[in-house]
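Participant: Got a structure for you, questions after.
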Amino acid sequence: MVITGYDEGFENYMDMMNETGFGFAQVWPLLTSGFLVMAVTVELMGISIIAPASQCDLKTNQTKITALNCSAFIGVVVSLYFWAVLADSYGRRWILLLSTSVNSCISLISALMPTFPLFIAMRFCVGIFIAGPSFAAITYLAEFCTFYHRRIVIIYMAMFQGFAMIYCPVMATLFIHQKWTYDLGLIVYKPWRFLMLLNSLPGLIGIFLLIGLPESPEILLCTQRKQECIQVVKWIYRVNKRKELEWEVEPEDLSCPGYRIVDEQTCMELMNQSRPLFKKPYVVPFLSSCVVMSSLFFLGNGLGIWFTDLRNRRIHEDLELYTICENMRRFHEFYSKVDGCQVTLQSFRDSMFLGATYLIMFNVVALLLRYISPKIIVVALQILCFLLGGVLPWITDETTTSAIFIIFLAIPNCLIALVSGIVIEFTTADLRGKAVCLCILIGRSGMIAGTFLVGYAMDVNCELTYNLFGLYALACSVVSVLLPGKWKCFRLIADQPELRSRSMSVIRTRSMLRPTEMYETMLRK
């Protein structure tokens, strides 16, 4: 492994990328990455509908449902870093193809499992392979874009989470309550098993779109496949501008900043590639990003995976007279005398509203990014989460409760993409996959903690559980102050003193320049 600086060779590469502009060569990876992100969301969050619906066939209780909700996430945590090392060492595209293809097969097989132990084991395997697109999709898309377009494009890619959150309850509304069954001998095939087949469709669409795309140009550059990198940049230019790139550049004129792979390495050396993230200048922004990410997953997914189930735990008689926690207690008292198999999910309306709110929030964040620093957005919205979490368990009006609950979950899920974009911007291509992966890894760990907290504490003390989620958002909003701004992100990968001086001179005159002019000035030779 060789350490290189942010030198003229990488400036040449960025100049080439700036010439390609923005067009269908970015829209195509955007749609591909979007469907892969949608596949991740549907696989991981769709189980929140399938788990309660399968409780009679698999003979599960609340404890087993909690374990089932977490099984795929635990698989993600176990395997995520290994996928990141492979993606940074050999490329993003083949990792996406391999992991998504195998995941789709395992997901379809898991729908045929006859017993709970086999089902939860297969869901764990689903998590192992869905970990690939959970981080590689965002880095793959980012490396087709210039610095100026990355953040907004990543936000629009993350909007597919909203489509996923609409897709799941819509499919459940159409199929989950149907009464048809097919006796296959080993199992009785029911609608909840068919729903798992439908949950595999976004991943299959993503694979189909990915087949026609090339590898990320920046990872080709950093893995010493410079001629291939040049060909991909020319492909981007040709697709966007409908003509050939006339700028001739030799492979030796290009270089990648940071740690680049130049020969075969041992497994231990591959595993140690993330060590620069825990040293200056990365350590403070990276660790603060990890803490913030854990908060966002803890709130948005740890509580979010229970959203459909929690919203169905209510008795509709005199609904407006009780808070969300009082309605849950009434629900348990009513069904304590009834066979658990009769307790089914009835309404997916709020889940659909949650998905629609995701789409609105992503558009709002994309608009704010044009005028406000991402760090300010992250801090402000986490403080808003704290306020919403504080009042949520004490409101009796059902409409207001639904609106607050939905916004409370939508905010952190939108910020996950924003924080991922910040991590992508302050790391070089060879560290980028591992940095995003470790952030998501810590975030998923926070999500597992949140899932278990709801599963085991919500029935014990509902009000305190909601307040704990809000307090955690407040604590992490303080840590968010340590996140780097956009100029700090640029300087973190600028090792040359001359480039640092140039970036500082641009920062001092930024009030006189439009954003596009600032980036062009900073990237110009």
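The values are calculated or read from the model by the stated rules, or taken from the named source; none is laboratory data. Computed from a prediction, not measured in an experiment: that's the story for all the values here. Note: ideal-geometry Cβ built from the backbone for every residue, glycine included; neighbour counts use all protein chains shown. Note: areas computed on protein heavy atoms with side chains; ligands, DNA, RNA excluded. Shrake-Rupley method; radii C 1.70, N 1.55, O 1.52, S 1.80 Å.
Participant: Starting from the amide H of ARG92, placed 1.01 Å from N in the peptide plane, find each other amide H under 5 Å away whose residue is 5 or more places distant or on another chain.
Facilitator: SER216
Participant: Related question: If Lys and Arg each add +1 and Asp and Glu each add -1, what is the summed charge of the other residues whose beta carbon sits under 12 Å from the beta carbon of VAL391?
Facilitator: Within the 12 Å Cβ shell, the charges total -2.
Participant: Rg and Dmax of region 1-124, using alpha carbons, in Å: what are they?
Facilitator: Just the Cα atoms of region 1-124 yield Rg and Dmax of 20.2, 64 Å.
Participant: Right, here's the next one. Quick one: how many Å² of ASP183 are accessible to a 1.4 Å probe, rounded to 10?
Facilitator: The accessible area comes out at roughly 120 Å².
Participant: Identify the trypsin sites (Lys or Arg not before Pro) of region 165-234 meeting these criteria: DSSP loop state and at most 16 other C-beta atoms within 10 Å of the C-beta.
Facilitator: Counting only loop positions with at most 16 other Cβ atoms within 10 Å, the trypsin sites (Lys or Arg not before Pro) in region 165-234 are LYS179.
Participant: Work out the FRET efficiency for HIS177 and VAL78 from their Cβ-Cβ distance, taking R0 = 25 Å, and round it to the nearest 0.05.
Facilitator: 0.10
Participant: Follow-up question, since we're still on this one. Hey, got a sec? Which trypsin sites (Lys or Arg not before Pro) in region 367-456 land in a DSSP loop and have at most 10 other Cβ atoms within 10 Å?
Facilitator: Sparse-neighbourhood loop trypsin sites (Lys or Arg not before Pro): ARG370.
Participant: Right, another one. Would you kindly find the accessible area of TYR182, with a 1.4 Å probe and non-protein molecules such as ligands, DNA and RNA excluded, rounding to the nearest 10 Å²?
Facilitator: 130
Participant: Moving on. Extending each Cα 7 Å along its Cβ direction at LEU197 and ALA403, get the distance between those two points in nm, one decimal.
Facilitator: Going by the 7 Å Cα→Cβ label model, 4.2 nm.
Participant: Could you pull out every residue, at least 5 positions away or on a different chain, whose amide H is within less than 5 Å of the one on TYR189? Hs are placed 1.01 Å off N in the peptide plane, and Pro or chain starts have none.
Facilitator: It is TYR182, ASP183, LEU184, by chain and number.
Participant: Using a basic spin-label model with each label point 7 Å from the Cα along Cα→Cβ, how many nm lie between VAL102 and ARG349?
Facilitator: In this crude label model, VAL102 to ARG349 measures out at 4.4 nm.
Participant: VAL391 to LYS279: extension gain in nm, 0.36 nm per residue of separation minus the Cα-Cα distance?
Facilitator: 36.3 nm
Participant: What distance in nm separates the two pseudo spin-label positions at LYS243 and THR63, each 7 Å out from Cα along the beta-carbon direction?
Facilitator: Placing both labels 7 Å beyond Cα along the Cβ direction yields 7.1 nm.
Participant: Using a 1.4 angstrom probe with every protein chain in place, what is the largest-first accessible-area order of GLU246, GLU143, GLU228?
Facilitator: These residues rank, largest area first, as GLU246, GLU228, GLU143.
Participant: Same structure, new question: Looking at this model, which pairs from LYS226/LYS434; LYS64/LYS179; LYS243/LYS375; LYS375/LYS434; LYS234/LYS375 are more than 31 angstrom apart at the alpha-carbon?
Facilitator: Going by Cα-Cα distance, LYS243/LYS375; LYS234/LYS375 fall outside the 31 Å limit.
Participant: Something else about it: Which of rounded, prolate or oblate describes region 136-192 when judged by the alpha-carbon gyration tensor and an a/c cut-off of 1.5?
Facilitator: Here region 136-192 falls in the oblate category.
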